[in-house]
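Colleague: After the structure tokens below, expect a handful of questions from me.
The values are calculated or read from the model by the stated rules, or taken from the named source; none is laboratory data. Everything numeric in this text was worked out from a predicted model, so none of it was measured. Virtual Cβ from ideal backbone geometry, glycine too; neighbours counted across all protein chains shown. With ligands, DNA and RNA removed, areas are computed over all heavy atoms of the protein, side chains included. Shrake-Rupley method; radii C 1.70, N 1.55, O 1.52, S 1.80 Å.
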Amino acid sequence: MDAAAALADLPSLVGRCKATLAAGQAELKAAYEAKADAGALLRGRTRLVDGVLCDLWREAGMPAETSLVAVGGYGRGELYPASDVDILILVPVGMDVRGEPRIEQLVGMLWDIGLDIGHSVRDISGCTEEAERDITVKTTLLEARFLCGHRGLFDRFEQRFQRFLDAGEFFKAKQLELRERYARYNETPFSLEPNCKESPGGLRDLQIILWVARAAHLGTTWRELAGSAVISANGARQLTRAEEFLRHLRIRLHHLVKRREERLLFEHQESLAGAFGIQATQAKRASEVLMQRYYRNAKLVTQLNTLVLQNLAARISHAPAVPPIVIDGRFQMVRELLDIRAEDVFEKEPRAILEAFLIMQQRSELKGMTGNTLKAMWRARGRIDAAFRRDPANRALFLSLFQQKRGLVHELRRMNQYDILGHYIPAFGKIVGQMQHDLFHVYTVDQHILQVVRNLRRYTMPEFAHEYPFCSRLITGFDRHWLLYIAALFHDIAKGRGGDHSKRGVADARRFCRDHGISGDDADLVAFLVEHHLTMSNVAQKQDLADPDVMSAFAAVVKTERRLTALYLLTVSDIRGTSPKVWNAWKGKLLEDLYRATLRVLRGDQPAAAIGLQERQDEARRLLRMRGLRPDVENPLWQQLDTVYFMRHDADEIAWHTRNLYYRPDAAEPVVKARLNPFGEGLQVMIYVPDQQLLFARLCGFFARLGYSIVDAKIHTTQHGEALDSFVLLDPGGHLPYRDMIGLIEHDLVEQLKTQPPLTAPPPSRLPRQVRHFPFTPEVGIRADERGQHYVMSVTAADRPGLLYAIARVLGEHGVILHTAKIATLGDRVEDTFLVSGQELAQTATLVRLEQELLQVLQLP
């Protein structure tokens, strides 16, 4: 068909191809649901797309001297239901692609028929040049497969590419790519929402083996790799089973969401479990059963990936053979890897299992363990039994791992990967792969624990001192800081047993200390940290740090400076180890403020003095003088502020407020000032206005409409009836440029406060995914404080935009006066605490009605 005719027939051609694809894919899906043959579906979709593309190529009258080539997964013959279709349009050297409209027309048609196309148009030299620059391009071209067009051109490309391809260099590049990918996923397959393609233990770990083997001409299937003696026959069977599980998982995920999606998101896990025919048990949801099956498979894949890539390295390497370097009677070094000198060393001497990890820590020249070592260790892991655990020499050896200068986190992860850690500490083995549905953890319990150990360890390393300098400074002066790693290992070990895991974990921690010779104050410290690992976070985020009684009570819990420092370091590490979303600079400031004030109490200051009232005022005056304000200019304003104000604001905030208000302490017009938060991310906003009804609700509504989350609110009324409120705001999505919003906030909020329009309904918003799929019962508690003057209201609920505004409206409608608000957001869960007063709070009937209305607005829409 000539170009003109093809153009005229384009609409009907596209329609026919689209119908062919839809019918073919429906047929493939039905066949898969009937027989669950993953390979047949992948091959079938590949053949279906092959036929449609070749028909389009011919009908479009493509130039005879060009070729259509399938690359990447499509070239490999593995097209998942929603996979993109990667093609290469191969053109001869010198062809003017821009002057050839048929190529652009073809690509447009491919999109029109509903294919997610990834395409490139290159000549042979362009292919090799781009492959030289980009390992991803090189990998996709490795699996190039001829579809139609000029066969000779494709053959020349293949010959040129094979001459160009260096298997050794390709292997090195893929190893670097693998390390980068693992780092992107925090070195663990145990995310609660893993990516079944890219996460460690996913399909990509299997594909990299076959890519390297293909580049080295050692085979393109597991059976061929076994035939080349790269893997054993049993290894080939294990890899086939692991791949088959991941194939089914990805196919069913694509069918479920009807688009390309590789993440096992919470909202899909229950439906996927149903697609696998998995039923819930008494103790676990069906989704948890599925995910534990996934984690077991992922662990096997990461193990096999390590072993097979080592075998491939040995086959590909052109380096001359070097004799092993003997380390001791049991171990030797082979090409920078720890190797066993006898196949049965671990069976005969199980203690050598722990010795292997200790050697890895002590000898920095070792880059890993040989496949023989890892396989022998895996086979012998059952030798770590009760008798092994009772042996004093083994206990001393295990404890020494925590006392080494380097390598602890790497070796703990390796021990967990090969089931050594769970065998040595059976309680740890019980939480491996255990999921956490609490709206803020993103890892399984075991991986969260190892993340916390990692965070603590990084404070001791000079190259990471810039990340959290205060923590690094504290741990440098902390004697026997390895005790913190022990506490971290046990802090969540009792999760899933019911009851308070902090208290249950103490028994495990004390038993470990007793068995391993940790006694006296050291054992008490570990037990204290396990029992109280949530205490400091709760005090900092939920209680009033300007209250001397809060300081006294917390100081009474920690008792000593050593415990305080240890608890602070563990708390920071624990919060950071839950999820990247949970930690922010504001939480860091709250914790550091609590640490410093408590330290002063423990050193003999009275709690009120420890809060540093006089020091704050003196520092604020110094800051004002630095800004050029004359002495005593602050007095008219400060005379209207009571002690509580100065206790709840630090010197920088006091000076900022004063600079903007000293010349108008009785301002009739609203004053709104905003600035970049000096303590970290976000904005600080100050409002000074004659107190008015529903003020807090109005302010919360204004910020909610702008898309901000309020992470801190300080509410104060001067002796002359002026409201002096300050807020710290964050943009959860990171979409609003903070600096650009300052002028808008200052102008628009003043207008709102002047006109006082009626309060509107909370802005509509999308619920976070986790909130939609994990039911969470909100709670409201209101109780009188110890002085009987105010009430403490605690709210726990699933977070959503505008939630604080909804709470503030209810409080305002009931005439409840807000004095302070402590906003604590943990992932997608809020735990807010408010200090309030009002007549309705003293009467049972009205109090119950208030609580009921609050629960109504806290319920998910």
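Colleague: Out of the residues in segment 361-392 that are of a type in the set (D, E, K, R) and part of a loop (DSSP other than H, G, I, E, B), state the one that is least open to solvent (accessible area, probe 1.4 Å).
Modeller: We begin by selecting, within segment 361-392, every residue of a type in the set (D, E, K, R); these are 363, 365, 367, 375, 379, 381, 383, 385, 389-391.
Checking which are part of a loop (DSSP other than H, G, I, E, B) leaves us with 363, 365, 367, 385, 391.
Details: Arg363: 75, Glu365: 68, Lys367: 135, Asp385: 66, Asp391: 46 Å².
Top of the filtered list is Asp391.
Colleague: Related question: Select from segment 393-414 the residues that are part of a helix (DSSP H, G or I), within 14 Å of Leu354 (Cβ to Cβ) and out of contact with any Gly (no Cβ under 8 Å at 6 or more places or on another chain) and list them in ascending order. I'd like the intermediate steps shown before the answer.
Modeller: We begin by selecting, within segment 393-414, every residue part of a helix (DSSP H, G or I); these are 393-401, 408-414.
When the remaining residues are screened for being within 14 Å of Leu354 (Cβ to Cβ), the result is 393-401, 408, 411-412, 414.
Correct list: Ala393, Asn394, Leu397, Phe398, Ser400, Leu401, Leu408, Glu411, Leu412, Arg414.
Colleague: Could you grab me the full set of residues in segment 506-520 that are touching a residue at least 24 places away in the same chain (Cβ under 8 Å) and either under 15 Å from Ala488 (Cα atoms) or of a type outside the set (A, V, I, L, M, F, W, C) (or both)? Quick ask: steps written out before the conclusion?
Modeller: Going through segment 506-520, the residues touching a residue at least 24 places away in the same chain (Cβ under 8 Å) turn out to be 506, 508, 512-513, 515-518.
Within segment 506-520, Val506, Asp508, Phe512, Cys513, Asp515, His516, Gly517 qualify.
Colleague: A follow-up question, please. So, restricting to strands (runs of 3 or more DSSP E) that lie completely within segment 680-767, which ones have at least 1 residues that are farther than 28 Å from Asn584 by Cα and either over 26 Å from the mean Cα position of the chain (by Cα) or not aliphatic (A, V, I, L, M) (or both)? Quick ask: steps written out before the conclusion?
Modeller: On the way: elements: 683-690, 709-714, 722-730.
Hits in segment 680-767: 683-690, 722-730.
Colleague: A further question follows. Checking the structure you have, find out if any residue of segment 577-586 is in contact with a Ser or Thr (Cβ under 7 Å, 6 or more places away or on another chain) and either under 25 Å from Phe834 (Cβ atoms) or not small (Gly, Ala, Ser) (or both).
Modeller: Within segment 577-586, the first condition is being in contact with a Ser or Thr (Cβ under 7 Å, 6 or more places away or on another chain), and the residues that meet it are none.
No, segment 577-586 contains no residue that is in contact with a Ser or Thr (Cβ under 7 Å, 6 or more places away or on another chain) and either under 25 Å from Phe834 (Cβ atoms) or not small (Gly, Ala, Ser) (or both).
Colleague: Only one of Thr220, Thr240, Thr188 is surrounded by fewer than 16 Cβ atoms within 10 Å (Cβ to Cβ), outside any helix (DSSP H, G or I) and either of a type outside the set (Ser, Thr, Tyr) or out of contact with any Gly (no Cβ under 7 Å at 6 or more places or on another chain) (or both); which?
Modeller: Details: Thr240 fails: outside any helix (DSSP H, G or I); Thr188 fails: surrounded by fewer than 16 Cβ atoms within 10 Å (Cβ to Cβ).
So the residue among Thr220, Thr240, Thr188 that is surrounded by fewer than 16 Cβ atoms within 10 Å (Cβ to Cβ), outside any helix (DSSP H, G or I) and either of a type outside the set (Ser, Thr, Tyr) or out of contact with any Gly (no Cβ under 7 Å at 6 or more places or on another chain) (or both) is Thr220.
Colleague: Here's a follow-up. Test Ile486 against the criterion of being assigned to a loop (DSSP other than H, G, I, E, B), touching a residue at least 40 places away in the same chain (Cβ under 8 Å) and crowded, with 23+ Cβ neighbours inside 10 Å, and give yes or no. Talk me through it step by step, then tell me what you get.
Modeller: Working: assigned to a loop (DSSP other than H, G, I, E, B): no; touching a residue at least 40 places away in the same chain (Cβ under 8 Å): yes; crowded, with 23+ Cβ neighbours inside 10 Å: yes.
No; evaluated as a whole, the condition is false for this residue.
Colleague: A follow-up question, please. Looking at this structure, is Gln417 of a type outside the set (Lys, Arg), under 17 Å from Leu374 (Cα atoms), under 23 Å from the mean Cα position of the chain (by Cα) and open to solvent by 20 Å² or more (accessible area, probe 1.4 Å)?
Modeller: Values: of a type outside the set (Lys, Arg): yes; under 17 Å from Leu374 (Cα atoms): yes; under 23 Å from the mean Cα position of the chain (by Cα): yes; open to solvent by 20 Å² or more (accessible area, probe 1.4 Å): yes.
In short, yes.
Colleague: Now a separate question. Within the bounds of segment 580-599, is there any residue that is open to solvent by 70 Å² or more (accessible area, probe 1.4 Å) and in a helix (DSSP H, G or I)?
Modeller: Scanning segment 580-599, I find at least one residue that is open to solvent by 70 Å² or more (accessible area, probe 1.4 Å) and in a helix (DSSP H, G or I), so the answer is yes.
Colleague: Here is a check on your reading of the model: is Ala34 open to solvent by 10 Å² or more (accessible area, probe 1.4 Å), of a type in the set (A, V, I, L, M, F, W, C), modelled with pLDDT under 90 and not in a strand (DSSP E or B)? Walk me through it before giving the result.
Modeller: Values: open to solvent by 10 Å² or more (accessible area, probe 1.4 Å): yes; of a type in the set (A, V, I, L, M, F, W, C): yes; modelled with pLDDT under 90: no; not in a strand (DSSP E or B): yes.
No; evaluated as a whole, the condition is false for this residue.
Colleague: Among (1) part of a helix (DSSP H, G or I); (2) free of Cβ contacts under 8 Å to residues at least 40 places away in the same chain, which single condition is Leu525 missing?
Modeller: (2)
Colleague: Show the residue pairs that are 6+ apart or on different chains and have beta-carbon atoms under 9 Å apart, the first residue being within segment 837-849 and farther than 15 Å from Gly812 by Cβ, the second being among the β-branched types (Val, Ile, Thr) and open to solvent by less than 60 Å² (accessible area, probe 1.4 Å).
Modeller: That search, which allows pairs on different chains as well, returns Leu847/Ile782.
Colleague: In addition: Are there strands (runs of 3 or more DSSP E) fully within segment 63-138 with at least 1 residues that are among the hydrophobic types (A, V, I, L, M, F, W, C) and in contact (Cβ under 8 Å) with a residue 40 or more places away in the chain? List them. Talk me through it step by step, then tell me what you get.
Modeller: On the way: elements: 67-70, 85-90, 117-122.
Where strands (runs of 3 or more DSSP E) fall fully within segment 63-138 and carry at least 1 residues being among the hydrophobic types (A, V, I, L, M, F, W, C) and in contact (Cβ under 8 Å) with a residue 40 or more places away in the chain, they are 67-70, 85-90.
Colleague: Starting from segment 234-246, take each residue that is aromatic (Phe, Trp, Tyr) and list its partners that are open to solvent by less than 70 Å² (accessible area, probe 1.4 Å), counting only C-beta distances under 9 angstrom and pairs at least six apart or across chains.
Modeller: Qualifying pairs under 9 Å: Phe245/Tyr294; Phe245/Asn297.
Colleague: Hey, another quick one. Out of the residues in segment 606-616 that are assigned to a helix (DSSP H, G or I) and open to solvent by 30 Å² or more (accessible area, probe 1.4 Å), state the one that is nearest to Asp549 (Cα to Cα). Break it down stepwise before answering.
Modeller: As a first pass, look at segment 606-616 and keep what is assigned to a helix (DSSP H, G or I): 607-611, 613-616.
When the remaining residues are screened for being open to solvent by 30 Å² or more (accessible area, probe 1.4 Å), the result is 608-609, 613-616.
Details: Ala608: 9, Ala609: 12, Leu613: 15, Gln614: 18, Glu615: 19, Arg616: 19 Å.
The qualifying residue nearest to Asp549 (Cα to Cα) is Ala608.
Colleague: Against the conditions (1) within 18 Å of Leu804 (Cβ to Cβ); (2) open to solvent by 20 Å² or more (accessible area, probe 1.4 Å); (3) aromatic (Phe, Trp, Tyr), where does Phe702 fall short? Just the number, please.
Modeller: So the condition that Phe702 fails would be (2).
Colleague: Would you pick out the residues in segment 806-836 that are more than 29 Å from Gly588 (Cα to Cα), of a type in the set (Gly, Ala, Ser) and buried (at least 17 other Cβ atoms within 10 Å of the Cβ)?
Modeller: Gly812
Colleague: May I ask you to say which residue of Val689, Val644, Val633 is in contact with a Phe, Trp or Tyr (Cβ under 6 Å, 6 or more places away or on another chain) and either among the aliphatic types (A, V, I, L, M) or touching a residue at least 12 places away in the same chain (Cβ under 8 Å) (or both)? Show your work before the answer.
Modeller: Details: Val689 fails: in contact with a Phe, Trp or Tyr (Cβ under 6 Å, 6 or more places away or on another chain); Val644 fails: in contact with a Phe, Trp or Tyr (Cβ under 6 Å, 6 or more places away or on another chain).
Among Val689, Val644, Val633, only Val633 is in contact with a Phe, Trp or Tyr (Cβ under 6 Å, 6 or more places away or on another chain) and either among the aliphatic types (A, V, I, L, M) or touching a residue at least 12 places away in the same chain (Cβ under 8 Å) (or both).
Colleague: I would also like to ask the following. Can you tell me which residue in segment 665-679 is nearest to the chain's Cα centre (by Cα), limited to those that are over 17 Å from Leu624 (Cβ atoms) and open to solvent by 30 Å² or more (accessible area, probe 1.4 Å)?
Modeller: Narrowing segment 665-679 to residues over 17 Å from Leu624 (Cβ atoms): 666-672, 674, 676-677, 679.
Still in the list and also open to solvent by 30 Å² or more (accessible area, probe 1.4 Å): 666, 668-669, 676, 679.
Numbers: Asp666: 49, Ala668: 48, Glu669: 46, Leu676: 26, Phe679: 24 Å.
Result: Phe679.
Colleague: Just to confirm my filter: which helices (runs of 4 or more DSSP H) fall fully inside segment 625-665 and include at least 1 residues that are under 14 Å from Gln614 (Cα atoms) and of a type in the set (Ser, Thr, Tyr)?
Modeller: On the way: elements: 635-638, 643-648, 651-661.
In segment 625-665, 643-648 are the helices (runs of 4 or more DSSP H) which contain 1 or more residues that are under 14 Å from Gln614 (Cα atoms) and of a type in the set (Ser, Thr, Tyr).
Colleague: Now a separate question. Looking only at segment 706-723, which residues are more than 11 Å from Leu818 (Cβ to Cβ) and open to solvent by 30 Å² or more (accessible area, probe 1.4 Å)?
Modeller: Selection gives Leu706, Gly707, Ser709, Gln719, His720, Gly721.
Colleague: Can you tell me which condition Tyr662 does not meet? The list is (1) among the hydroxyl-bearing types (Ser, Thr, Tyr); (2) open to solvent by 20 Å² or more (accessible area, probe 1.4 Å); (3) within 23 Å of Gly588 (Cα to Cα), and all the others hold.
Modeller: Among (1) among the hydroxyl-bearing types (Ser, Thr, Tyr); (2) open to solvent by 20 Å² or more (accessible area, probe 1.4 Å); (3) within 23 Å of Gly588 (Cα to Cα), the lone unmet condition for Tyr662 is (3).
Colleague: Could you say which residue among Arg259, Arg296 is over 28 Å from Gln447 (Cα atoms) and either touching a residue at least 12 places away in the same chain (Cβ under 8 Å) or within 26 Å of the chain's Cα centre (by Cα) (or both)? Give the derivation first.
Modeller: Working: Arg296 fails: over 28 Å from Gln447 (Cα atoms).
Just one listed residue meets the conditions, Arg259.
Colleague: Hey, among Thr571, Thr560, which residue is modelled with pLDDT of 90 or more, hydroxyl-bearing (Ser, Thr, Tyr) and in contact with a Ser or Thr (Cβ under 8 Å, 6 or more places away or on another chain)?
Modeller: On the way: Thr560 fails: in contact with a Ser or Thr (Cβ under 8 Å, 6 or more places away or on another chain).
Of Thr571, Thr560, the one residue that is modelled with pLDDT of 90 or more, hydroxyl-bearing (Ser, Thr, Tyr) and in contact with a Ser or Thr (Cβ under 8 Å, 6 or more places away or on another chain) is Thr571.
Colleague: Read through the list (1) modelled with pLDDT of 95 or more; (2) over 23 Å from Arg263 (Cβ atoms); (3) of a type outside the set (Gly, Ala, Ser), then give the number of the only condition that Val121 fails.
Modeller: Condition not satisfied by Val121: (1).
Colleague: When segment 761-783 is examined, which residues are found to be modelled with pLDDT under 85 and out of contact with any helix residue (DSSP H, G or I) (no Cβ under 7 Å at 6 or more places or on another chain)? Please lay out each step first, then the result.
Modeller: As a first pass, look at segment 761-783 and keep what is modelled with pLDDT under 85: 761-777.
Of everything in segment 761-783, those that are modelled with pLDDT under 85 and out of contact with any helix residue (DSSP H, G or I) (no Cβ under 7 Å at 6 or more places or on another chain) turn out to be Ala761, Pro764, Ser765, Arg766, Leu767, Pro768, Val771, Pro775, Phe776, Thr777.
Colleague: Does segment 430-449 include one or more residues that are over 30 Å from Ala798 (Cβ atoms) and either touching a Ser or Thr at 6+ places or on another chain (Cβ under 6 Å) or part of a loop (DSSP other than H, G, I, E, B) (or both)? Please lay out each step first, then the result.
Modeller: Start the filter on segment 430-449 by keeping residues that are over 30 Å from Ala798 (Cβ atoms), which leaves none.
No.
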